[in-house]
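Only one structure is covered here, and it is reproduced in the block below.
The values are calculated or read from the model by the stated rules, or taken from the named source; none is laboratory data. In this text, all values refer to a predicted model and were calculated from it rather than measured experimentally. Glycine also receives a Cβ, built like all others from the backbone with ideal geometry; neighbour counts cover every protein chain displayed. Ligands, DNA and RNA are excluded from the accessible area calculation, which covers all protein heavy atoms including side chains. Shrake-Rupley method; radii C 1.70, N 1.55, O 1.52, S 1.80 Å.
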Amino acid sequence: SLTWAAGRGADKKQAQTAELSRSTDNENGSGEKSPPKRERPRSILVNGKKSSRPARLSVCLLDESQMREEAKILPASPKKPDTDNGAASPSTKARKLQRRASSRFAMNENKVIVQKLVIVMVGLPARGKSFISKALVRYLNFLGCPTKIFNAGNSRRHVGKAGIGANFFDSSNAEAKQIREQLAMECLDDLLTFLKEETHSTAVGILDATNTTQERRKRVLDRCKQEPGIRLIFLESICNDPEILKNNYDLKLENEDYQGMDADAALNDFRDRVRKYKDVYEELEEEECAQVVGHSSGFIKLINAGETMTCHKCRTKEDEYGVVRHITGLLQNVHLGRRSIVLAQIGETENDRAGLLGGDSSLTDLGFEHADALANLVTHLEQRDKKNCYIICGTLARHLQTAEALKVAAATEGMPKRLRTVLKLNRLNELCAGALDGYSYKALQEEYPEEFEARRQDKLNYRYPGVGGESYQDLVMRLLEIILRIEGLQSHVVVLCDKAVCRVFLSYFRGIDMSKMPYSPVPSGVVIFERSHTGYAEEILDMKGMHPALGSGDMIEQLGRLAS
């Protein structure tokens, strides 16, 4: 390899690093030498042109053996053609890739940085507090940060106060007020216990209650001050948009308090409850956080679910690399509008049919038929809701071929023929198998049994060897920006993806814990998510003509079960 740096006065943009040799996968585990490689010229690229003696460059050549000793990596043998439909030849010997544990297994930053955060929701009923709370839980757990909601309303219903009338929430009702205060503080105690039990990672507890008065919020602050190392953030949701409020009121009537109740009577009772809270509602003020000496607290104020966001004392020197930055990032994108999120797997490819891992092969006839079926589904969805669909896909050949079938929207009743917006992002490409890309599954198991077993034992953190090799943990970080973009879209969105990427998205929207993500099942049909009071409602459609590919991970799991 060639390592160089631009000299004084050189244009840094013109300085590009070039590889002169590869330091991976040239020997087998037994130390046998691979066939000698053709010597490459010692040159680098500057502005896209080869130059053997670039100006103003400081050059340092490293011997290949020194590099291997430094990295403690022994390269593997080059791939050999498979015989007998992907089966390894009888003379094939098992090989071993010697590499560092830090290279083989990924690390989650939330298991390294330990922080305890309390988020206290503030706001009138039906202002999206529960939806925002569930969005935070879904997102933070997806990142591997243990997060849990402690809902005062659920505690009230558990003690037999479900379906109680609006008078229970009247501030002049001293007995009811005492019950409400007691339940809220019990929720807070449970929350703090949860944070104490998460001793080896960052953890977040969310107190989901109205907390509409300064008196209540001061009690919460004083209780948190008694626990060392607790960081507190108030999160106030204010909503004055009539359309959002109407939608929120309709969703609120789905909860347990109004089950089996006449819709009009339930709506009138709920509006009366909101009026009771409005009588005593006090919006958050900066002084509420400033008065807490020696305790780290701040607030976030959301207006109309992200239309306006104000942060006060959310960033501190103590936790500038903490979890709060993820929270503010999500809140800038989350909204309360109704829309559909469609997860659609790519159809069968030539490599899928041949049983090969990864690659960039084209769709088969069944794959093209699958793409046409997806196009019909998207047209139906647009016609039903009179709302355009936004298409997101990767940059591999199979993604582009599928997107080609969807990019033109045929004329339908009430909607003219047009081109759909198609966004092609390499971040949406399938999980990369690195140096093992293109192997048959049987050859992978027979030639690299140690790698095969390591992935089977820890599918979340196992990282494929070689350049570009990824783990599910790496895939999660790669997809974060796309997830936030999807959360922020107000139109329908169709995500075209392969099996592993689809599994990650499903785990996010279903709220599946990160440790269970790699093993969660992926349905063969298209999955549609729509907003509900509890987060997202899920619908699975399996239309005629759909032929999604059997993912590589599933084939490897099947081999693992057969081996055991």
Qualifying residue in segment 290-298 (condition: polar (S, T, N, Q), more than 18 Å from Ile119 (Cβ to Cβ) and modelled with pLDDT under 85): yes
Filter result (farther than 13 Å from Ala500 by Cα, open to solvent by less than 10 Å² (accessible area, probe 1.4 Å) and assigned to a helix (DSSP H, G or I)) within segment 448-473: Glu451
Test: Thr310 is over 23 Å from Arg216 (Cα atoms) and either modelled with pLDDT under 85 or not in a loop (DSSP other than H, G, I, E, B) (or both): no
When residues of segment 238-259 are limited to those that are open to solvent by less than 90 Å² (accessible area, probe 1.4 Å) and not in a helix (DSSP H, G or I), the one modelled with the lowest pLDDT: Asn255
Failed criterion for Thr193 (all others in (1) outside any helix (DSSP H, G or I); (2) within 30 Å of Gly144 (Cα to Cα) hold): (1)
Filter pass, Leu302 being aliphatic (A, V, I, L, M) and in contact with a helix residue (DSSP H, G or I) (Cβ under 6 Å, 6 or more places away or on another chain): no
Hits in segment 272-292 (condition: aromatic (Phe, Trp, Tyr) and not in a helix (DSSP H, G or I)): Tyr281
Test: residue in segment 513-529 that is polar (S, T, N, Q), at pLDDT 90 or above and surrounded by fewer than 16 Cβ atoms within 10 Å (Cβ to Cβ): yes
Condition check for Asn333: open to solvent by 10 Å² or more (accessible area, probe 1.4 Å) and not in a loop (DSSP other than H, G, I, E, B): no
Segment 382-393, residues that are within 19 Å of Gly525 (Cα to Cα) and either open to solvent by 10 Å² or more (accessible area, probe 1.4 Å) or not in a helix (DSSP H, G or I) (or both): Cys389, Ile391, Ile392, Cys393
Residue among Leu428, Leu400, Leu343, Leu396 that alone is of a type in the set (A, V, I, L, M), within 28 Å of Tyr464 (Cα to Cα), open to solvent by 40 Å² or more (accessible area, probe 1.4 Å) and modelled with pLDDT of 95 or more: Leu400
Tally, over segment 403-425, of residues that are open to solvent by less than 30 Å² (accessible area, probe 1.4 Å), under 23 Å from Glu530 (Cα atoms), of a type in the set (A, V, I, L, M) and not in a helix (DSSP H, G or I): 2
Hits in segment 357-372 (condition: open to solvent by 80 Å² or more (accessible area, probe 1.4 Å) and more than 27 Å from the chain's Cα centre (by Cα)): Asp365, Phe368, Glu369, Asp372
Residues (at pLDDT below 90 and touching a strand residue (DSSP E or B) at 6+ places or on another chain (Cβ under 9 Å)) located in segment 456-475: Arg456
Meets criteria (more than 24 Å from Thr379 (Cβ to Cβ), open to solvent by 30 Å² or more (accessible area, probe 1.4 Å), modelled with pLDDT of 90 or more and touching a Ser or Thr at 6+ places or on another chain (Cβ under 8 Å)) for Arg478: no
Qualifying residue in segment 374-388 (condition: over 20 Å from Cys432 (Cβ atoms) and modelled with pLDDT of 95 or more): no
Test: residue in segment 348-363 that is modelled with pLDDT of 90 or more and closer than 24 Å to Ala537 by Cβ: no
Check on Asp269, of a type in the set (D, E, K, R), at pLDDT below 90, touching a Lys or Arg at 6+ places or on another chain (Cβ under 9 Å) and part of a helix (DSSP H, G or I): no
Pairs where the first residue, in segment 232-253, is farther than 18 Å from Gly153 by Cα and the second is β-branched (Val, Ile, Thr) and modelled with pLDDT under 85, C-beta under 9 Å, 6+ apart: Leu232/Val292
Candidate set: segment 481-512, residues that are part of a loop (DSSP other than H, G, I, E, B) and on the phi < 0 side of the Ramachandran plot; chosen: the one modelled with the highest pLDDT: Asp498
Neighbours by Cβ (under 6 Å, 6+ apart or cross-chain): first from segment 348-370, within 10 Å of Ala549 (Cα to Cα) and in a helix (DSSP H, G or I); second of a type in the set (A, V, I, L, M, F, W, C) and modelled with pLDDT under 90: Asp352/Ala549; His370/Met546
